[in-house]
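The values are calculated or read from the model by the stated rules, or taken from the named source; none is laboratory data. Quick caveat, the model's predicted, so the values are computed rather than measured. Virtual Cβ from ideal backbone geometry, glycine too; neighbours counted across all protein chains shown.
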Amino acid sequence: MAEARAAPAEAPVAANEEPPLSDVLSAYRTMVIARVMDERCLTLQRQGRIGFYVPMQGQEAAQVGCAWALAEEDWIFPAYRELGVALARGIPIPLLINQFFGNSGDEIKGRQMPNHYGYRRFRFVTASSPVGTQISHAVGAAMAARLRKDPIVTVSFFGDGTTSSNDFHAALNFAGVFQAPSIFFCQNNQWAISLPREKQTRSATLAEKAAAYGFPGVVVDGMDFRAVYRAVAEARTRALAGGGPTLIEAQVYRLGPHSTSDDPRRYRSDAELAEWRDRDPVARLKQELHEAGALTEENDRAIWEAAKEEIARAVEAAEKLPSVDPLSIFDDVYAQRTPSLEEQRAGLQRELAAGGEPKR
Ligand SMILES: Cc1ncc(C[n+]2csc(CCOP(=O)(O)OP(=O)(O)O)c2C)c(N)n1
Ligand SMILES: [Mg+2]
């Protein structure tokens, strides 16, 4: 079965060591699941079955490669495009799909935008919509971990455009000064909605910005699973040894739209898209596994089929679940509801019992 197996729980191999082949095959499977789920979610939104989705095609190797080099105790501070990281963490597919539907299986009870999930038990903080805020949070959590002598790192995920945010500067400066055990994982997907990378900054690379904060910045081919894995493993080893933070710029491409509210044909060329499609990270890892004798065409077909089936099952189950109970809107805010909230809750309960639509 094409389960999105979580990245290995034990500490990752030392820097520069290669992940074992069996592990790479699991990572490949996770990348395939991410690709299939991504396509399915886009379609679900186009069909009006879910409200919103943020695609990540083209960023599978960067996301899974990064997550694979972490330990499960490490905390993830994602932006809104990190499906590959979520799957690599072992967050179950049905849980994610239920969140997109905002149904009664959504642990967040429909209180977040679709696609803005987070789960404490997976150490995966709720996706940040304001760009960059998660970077400061990650540094704060890294400092807390160090004070508590927790041997972990925190990792923030963000894009090229986010390097222009206030939080990027504040977080990296602070992390540099205090040598926070935090990894800044920038997926340079070449676009910040319609703004191209070359208009974002005059810096030659995004990674070189780390020099101003006094710590290493590395550029890595984000279409290459192993290269990403090695860069993150090395940054993690250094952070745990007290060597401070690292900024990693993974060069990738967003093959799909920015979100389901975007039409990229209005601002970028088919030729550019085609050029990056030729560097498809999923196809690349497949080729590598094939050459290493770890994957046959037949096994590969089975991996894709299993992924499609698993996702289809999760969607089918999600559509059978009822919506979130409207009364749950009054839960989880106060330990004891105020009299006015009790009154409003009773009013809604009466309306629902009378079969009416809740007043908006
Ligand atoms: C503080 C803030 N300003 C503006 C926006 C609107 N916005 C949403 S996504 C985005 C572009 C971000 O680009 P990048 O950091 O490259 O990430 P990508 O979406 O390409 O993954 C912007 C400007 C926002 N969400 N938050
Ligand atoms: Mg971008």
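Here are the numbers for the structure shown:
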item	result
Residue match in region 194-205 (condition: more than 14 Å from ligand 1 (Cβ to nearest atom) and either of a type in the set (Val, Ile, Thr) or surrounded by 16 or more Cβ atoms within 10 Å (Cβ to Cβ) (or both))	yes
Residue identified as more than 16 Å from ligand 2 (Cβ to nearest atom), of a type in the set (A, V, I, L, M, F, W, C) and within 17 Å of the chain's Cα centre (by Cα) among 152, 97, 135	97
Some residue of region 55-68 being buried (at least 24 other Cβ atoms within 10 Å of the Cβ), modelled with pLDDT of 95 or more and farther than 19 Å from residue 221 by Cα	no
Unmet requirement for residue 142, which otherwise passes all of (1) modelled with pLDDT of 95 or more; (2) over 28 Å from residue 170 (Cα atoms)	(2)
Scope region 102-115; condition under 23 Å from residue 46 (Cβ atoms) and surrounded by fewer than 23 Cβ atoms within 10 Å (Cβ to Cβ); matching residues	102, 103, 105, 110, 112, 113, 114
Residue within region 86-105 that is within 16 Å of ligand 1 (Cβ to nearest atom), out of contact with any Cys (no Cβ under 9 Å at 6 or more places or on another chain) and at pLDDT 95 or above present	yes
Condition broken by residue 128, with the remaining ones in (1) within 14 Å of ligand 1 (Cβ to nearest atom); (2) touching a Pro at 6+ places or on another chain (Cβ under 8 Å); (3) modelled with pLDDT of 95 or more; (4) not in a helix (DSSP H, G or I) satisfied	(3)
Region 158-185, residues that are in contact with a Lys or Arg (Cβ under 8 Å, 6 or more places away or on another chain) and part of a strand (DSSP E or B)	159, 183
Test: residue 332 is acidic (Asp, Glu), in the same structural domain as residue 100 (by TED's automatic domain parsing) and surrounded by fewer than 12 Cβ atoms within 10 Å (Cβ to Cβ)	no
